[in-house]
Structure formats: C-alpha cells, structure tokens
Amino acid sequence: MTSTTTMTTVDSFSPLSKLEVPVGILEVLGLREAGVPEGKELVATGTLATMGHRLEELTESYSALIMAREDVGWQKITQDAAQEFSRQGLKTSAELARVFLVANPLIKRAGKLRGAYVHGQGCGTNATGDGTNGAQDVNGLIQEWLDDPEVREVFSGAQANERNEDSLTTDGNVFFSLFTNPLTGRVKPRLIDFDEVEDKITKPGDKTTTWFYLRTWVEADQNGREVQRKAYYPDISYRPLARQKRIQQGGSTESVEVMWDAPIYHIKVNALNGWKFGIGDAYAALPWARGFKEFLEDWALLMKSLSRIAWQNVGGKKSDAQKRRQQLAALQQQPAGSTVNASEDNKFEAVPKSGATLDSESAKPLAAMVASAMGLPVTMILSDPGQTGARAVAETLDRPTRLEMQSRQEVWREARRQILGYVIEQAVIAPRGPLKGTVERDDDRLRVRLPRPQDMTLTITYPDLEEIPLDVVMDALVAANGHVPPLLIAEQMMRALKIRDVDEWLEEMKDDDGNFIDPTVTAGQAAADAFRRGEDPAKVLQ
C-alpha cells in the first residue's frame with residue numbers, strides 16, 4: 001500500500017515564518033482514521049494556540065495605538081512627575097507653548113498683557129555713588145552700561161524686555177551669560193537658549209547652590225560644517241579659589257571645557273523645591289486654550305452647515321418637484337428684498353433653526369480657565385468688556401492680579417540687582433577697572449567693598465500699576481516740600497508725569513558738587529546764595 005504525504009502551507013501572523021503541516025502521517029501510523037473533509041486542512045493544536053495568542057497581542061497593540069491617537073495633544077496630568085517634568089518633557093512643553101504664543105489668540109493676548117503690565121512703563125535704575133563729595137561714580141558706570149547698544153539688545157532695551165518675558169511665558173527659564181573682559185572688567189551679556197542647557201551641577205549636599213550649567217549646542221565651523229560643542233558655565237556667584245580648565249564627565253573619559261569668564265545668571269519661575277529648572281506660565285493654560293479653540297471651530301462648522309439650507313418649498317404635487325427646484329435655484333440669484341408669488345398648495349418657508357443652534361457664549365468657562373492660569377481677568381483675555389463685565393472693571397486690575405504682576409516685577413528687579421552688582425564687582429576686580437575697592441573671599445564667593453559701601457546701593461523703580469489721579473500725586477508732593485529732599489521730590493514728580501530718562505534730567509539739576517539746583521531760582525539769587533556759603537558766585541553762573 002502506497003501512501004503519499006502532502007505539505008500544506010498555512011500563513012501565521014509572523015511575516016518571518018510559515019508553517020508546513022504534513023497531512024496523512026497520522027493515518028499511516030494508524031493513530032487516526034483516514035479521511036479529511038473536503039476544503040479543510042489539519043493544523044496542530046499547539047500551532048492554533050500560538051496563533052490565537054499572537055492574535056490577542058495584535059488586538060491589544062491596535063487598541064493601544066487607537067488610545068494614543070485619541071490622546072495626542074492632551075498629556076495626562078496623572079502621569080509620573082519624574083517623567084512629566086524630565087528635561088525632555090520640559091523641552092516639549094516649551095516648544096508647544098511657543099507655538100501657542102504665536103498661533104493661539106488667547107495665549108498670545110495673555111502673554112502680551114503680562115509683558116505690558118510688567119515692563120510697559122519702563123524701569124528706573126540709579127546708584128547712590130554719583131562721583132561727587134568723594135564718592136566714586138558708580139551711577140555713571142551703570143548708566144553707561146545700561147545704555148550700551150549690546151546690553152540694550154539683550155537685557156535692558158524694550159524689545160529685550162518683551163522677548164525675555166515671553167521666554168518666561170513659554171519656557172519658564174532665562175539664561176544670561178555674562179562674558180567678561182578680565183583686564184578691563186567690561187561685561188557683555190548674551191542669552192543662552194533653554195534647549196541648549198542640559199543640566200545643572202549643584203554643590204554636594206546642597207541642591208540650592210548651583211556650581212555649573214552644562215550647555216550642549218551646535219555651531220558651524222569655518223567650512224560650514226555643523227559641529228556639536230559642550231561647555232560648562234559657572235554660576236554668577238561661584239568663584240572657587242582653584243579653577244580647573246576642564247571637567248571630566250562622570251562615567252566617561254570625555255572632559256569638557258569650563259567658561260570661567262562667562263558666568264550665568266539663571267531666572268526660573270513656577271519651580272517647586274528641588275527643581276533644577278522652571279516651567280512656563282502658559283503650561284497650565286495650554287489644554288484649556290486648545291479646548292476653547294476646538295469649541296469655536298465646532299460652533300463655526302455648525303453655523304456653516306445650518307446656513308446651507310435656509311428656505312424650503314412646502315406643498316405642491318410630486319410631479320412638479322423638478323420645476324420647483326429650478327425656481328429655488330433662480331431665487332438664489334435674486335437680490336435682497338425680492339418677492340415671490342406662491343399658491344396655497346405651494347409655499348416657501350424658512351427652515352427652523354431654534355432647536356439646532358449652539359450658544360457660542362458657552363465657551364467662556366474655557367476662556368476663564370486660561371485667564372486663571374495666566375493670572376489675568378477673563379475680561380482682558382477676551383478683549384470684550386462690554387459683554388462680559390462693566391467697562392470700569394475691565395480697564396483696571398484687581399488687587400490679586402496687580403500683586404501677581406508686581407511679584408513678577410520683583411523677579412526682574414532681583415535679576416537686575418544681581419547682574420548690575422556683578423558689573424560693579426568686575427569694575428573693581430579687573431586691573432584696569434574704573435572703580436577702586438577691596439576684594440574679600442567668603443568660601444567659594446567673592447565680596448567686593450568700596451571705600452564708601454553706600455555708593456553701591458542701587459535703587460530700581462517700577463512705576464505703580466495702580467493708576468492714581470495725577471492731581472492727587474502732585475498735591476501730595478507739594479505738601480511734602482520741606483520734609484523730603486528736593487531732589488527726591490523732583491524725581492517723583494517727573495515719574496508721575498511719565499517723563500523718560502529721569503536719571504539724566506536729575507543730573508542736569510545738580511551742580512559740580514552734586515548739590516540740587518532749584519530751577520525756579522534766578523541766577524542772581526543762586527549767586528547770592530553761593531556767596532553766603534563762602535563759594536565763588538562766578539562758578540554758579542557758568
């Protein structure tokens with residue numbers, strides 16, 4: 001008896017293998033009766049189990065892909081915080097916020113409003129030491145530095161203030177690298193992108209004390225080829241006695257250069273204890289801004305669909321349907337205010353929309369969440385005071401909002417104080433620096449002292465956010481005359497009148513010895529007063 005064995009190929013779910021199942025072997029061995037139903041194939045039981053398991057895996061993977069697609073743009077807040085706020089997570093959040101700041105009207109409006117309230121009225125800065133009565137001209141040094149075009153481009157100019165505040169809105173971090181000339185003490189600030197700062201190295205056992213910032217960036221060489229570079233930048237306050245030129249990274253033989261002459265001052269906001277970096281103001285508002293946008297898109301789509309069919313023809317015979325359709329098409333070409341004749345059994349009626357409309361005002365709670373996240377009233381976010389609230393309320397800041405804006409001003413005031421303090425210190429430390437003083441070491445920090453410590457006192461002033469009537473301010477200053485130094489009264493009057501470059505005008509109101517010159521006093525009176533003081537009257541008249 002001759003038996004033939006046929007091989008049948010069955011595709012599995014794996015693209016790399018195929019199963020060959022012999023048919024007829026069991027019959028030859030006498031373990032099973034011969035005969036296979038026509039159109040059927042025998043497959044081993046283990047093979048079927050494997051194929052079923054793989055089918056379950058594919059089903060689960062497909063379900064996961066569906067869920068991932070549904071969750072695009074809606075990160076789950078319940079995820080692990082270490083993963084949510086990793087360095088890559090912060091980069092992704094910053095990139096998304098930058099897009100929203102440009103493309104989303106709510107985020108753009110909120111970001112620009114915050115910048116306007118914080119920096120819109122300018123900032124006045126002056127030092128006590130003005131070069132008179134034995135004082136060093138610290139004020140002249142910082143005024144010259146703040147007016148330098150390179151400094152205004154990055155730190156003190158109006159455009160720089162707007163860009164830097166936008167960075168806090170999107171990134172939550174701003175890095176000022178202070179390139180310093182060790183011979184003259186001249187400081188040139190530059191910005192380092194948040195995406196380039198990979199890590200911070202802190203003091204062992206003290207996370208609040210930063211030693212270095214690790215920067216990784218790509219730049220083009222002389223041949224136009226892109227080269228990746230790394231460098232460590234010290235913190236602005238870290239001045240160790242021993243300064244190694246390179247630092248070897250842990251777990252690697254690679255050593256990285258240290259840029260000792262370009263320390264960094266780091267501003268971070270919305271950071272919790274232990275965080276190395278901050279997070280942008282817009283982070284909490286992004287999902288609600290997206291929801292507001294999608295709601296209005298759906299509302300506009302619904303209104304567009306409802307407006308496609310505005311009129312319907314009611315009644316008439318079915319045989320006349322084609323004729324009525326032609327009449328309706330002709331009506332679309334008629335101008336507004338036209339008339340139409342219809343019989344009792346053939347009428348034109350408007351399609352009712354009362355049960356199909358969607359109120360667009362229902363989206364305002366979403367806008368209110370954006371406003372809350374950005375610390376602004378919803379009336380200002382929507383630019384709609386006439387509909388949402390009283391105009392007087394919409395045009396003024398309430399106390400909580402005003403305090404939040406003042407809190408951000410304090411952040412920038414501290415940044416200006418620290419950076420200007422570094423500029424003054426370098427002017428003393430450098431061999432050819434314009435200021436003289438002593439340098440003391442305090443562990444890993446340097447303390448600079450001038451012969452007159454009060455000469456380094458800085459006054460940084462932001463105009464009040466609360467609008468006080470001008471006549472009230474002027475009356476108060478007039479009443480203070482005789483109790484407050486006249487130079488201070490003159491300064492406050494000019495700031496109340498919103499005069500630009502107050503510091504320069506104050507210099508015009510001083511003589512060579514730093515004494516106040518009353519602009520209301522005549523030249524003769526000034527000469528007589530100088531003579532009574534034992535001074536040369538001719539110098540006053542020069």
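The values are calculated or read from the model by the stated rules, or taken from the named source; none is laboratory data. Since we're looking at a predicted model, the values are computed, not measured. Every residue, glycine among them, receives a Cβ derived from its backbone with ideal geometry; neighbour counts consider all protein chains shown.
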Expected single match for surrounded by fewer than 17 Cβ atoms within 10 Å (Cβ to Cβ) and either touching a His at 6+ places or on another chain (Cβ under 7 Å) or in a loop (DSSP other than H, G, I, E, B) (or both) among 417, 402, 432 is 432
Boolean, residue 242 is assigned to a loop (DSSP other than H, G, I, E, B) and surrounded by 10 or more Cβ atoms within 10 Å (Cβ to Cβ) = no
Among (1) surrounded by 13 or more Cβ atoms within 10 Å (Cβ to Cβ); (2) at pLDDT below 90; (3) not in a helix (DSSP H, G or I), residue 376 falls short only on (2)
Selection over the range 214-258 where residues are touching a residue at least 40 places away in the same chain (Cβ under 8 Å) and either closer than 22 Å to residue 185 by Cα or of a type in the set (Val, Ile, Thr) (or both) yields a count of 9
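Going by what's in this entry, would residue 262 be described as within 30 Å of the chain's Cα centre (by Cα), surrounded by 14 or more Cβ atoms within 10 Å (Cβ to Cβ) and more than 18 Å from residue 193 (Cα to Cα)? Steps first, please.
Working: within 30 Å of the chain's Cα centre (by Cα): yes; surrounded by 14 or more Cβ atoms within 10 Å (Cβ to Cβ): yes; more than 18 Å from residue 193 (Cα to Cα): no.
The answer is no for residue 262.
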Restricting the range 181-208 to residues that are within 22 Å of residue 90 (Cβ to Cβ) and not in a strand (DSSP E or B), the one nearest to the chain's Cα centre (by Cα) turns out to be 194
